[in-house]
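Beneath this line is the structure, given in structure tokens, with notes to follow.
The values are calculated or read from the model by the stated rules, or taken from the named source; none is laboratory data. Remember, it's a predicted structure, so these values are computed and weren't measured experimentally. Quick reminder, even Gly has a Cβ in these numbers, built from the backbone with ideal geometry, and neighbours come from all protein chains shown.
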Amino acid sequence: MSRDEAYHQTLDAIAKMQWNVAMILEAKAAEAEKVRNWLCTHITNDTYEAHNDQLSTCLQWNEQNIEVIDGLTKLCNGLSRNLKVIINPDNDDSDGMSSMFGGMDSGDSDK
């Protein structure tokens with residue numbers, strides 16, 4: 001496989017992963033809206049005796065969303081690093097294509 005073909009396949013895979021991330025975020029936004037509506041309707045001052053209990057219930061929902069967003073952010077940062085390597089493979093800050101293709105020497109990628 002030539003280097004150009006490898007770049008093309010990598011970019012295609014990254015584009016598909018970005019599409020899936022967008023679909024996940026869209027689904028999480030719809031879910032968050034439903035949760036918000038439910039919380040605003042059902043979590044009232046009369047539901048809990050103490051304000052701390054009411055607050056902790058809301059925080060549990062928010063922590064779950066933050067974990068998902070944090071995971072997706074880490075995924076996107078990894079994809080970004082891969083794109084930087086593809087766009088500028090001669091950059092001294094990165095370890096080149098070898099990190100993307102499992103330690104393969106970048107000189108051997110044309111074979």
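Counting only residues that are among the hydrophobic types (A, V, I, L, M, F, W, C) and modelled with pLDDT of 90 or more, segment 23-34 holds 3 of them.
Let's see how each residue does on (1) exposed (fewer than 11 other Cβ atoms within 10 Å of the Cβ); (2) within 17 Å of the chain's Cα centre (by Cα); (3) over 20 Å from Ser80 (Cα atoms); (4) not basic (Lys, Arg):
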position	(1), (2), (3), (4)
Val21	no, yes, no, yes
Lys34	yes, no, yes, no
Asn37	yes, no, yes, yes
Cys40	yes, no, yes, yes
Glu49	yes, no, yes, yes
Ser56	no, no, yes, yes
Trp61	no, no, yes, yes
Gln64	no, yes, yes, yes
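The set of residues in segment 40-60 being in a loop (DSSP other than H, G, I, E, B) and among the polar types (S, T, N, Q) consists of Thr44, Asn45, Thr47.
Filtering segment 1-39 to residues that are of a type in the set (Gly, Ala, Ser) and outside any loop (DSSP other than H, G, I, E, B) leaves Ala6, Ala13, Ala15, Ala22, Ala27, Ala29, Ala30, Ala32. Within segment 32-54, is there a residue that is of a type in the set (Val, Ile, Thr) and either closer than 30 Å to Arg3 by Cα or touching a residue at least 24 places away in the same chain (Cβ under 8 Å) (or both)? Yes, segment 32-54 has at least one match. Is it true that some residue in segment 74-89 is farther than 18 Å from Ala15 by Cα, at pLDDT below 85, of a type in the set (Val, Ile, Thr) and in contact with a helix residue (DSSP H, G or I) (Cβ under 8 Å, 6 or more places away or on another chain)? No, the conditions are met nowhere in segment 74-89.
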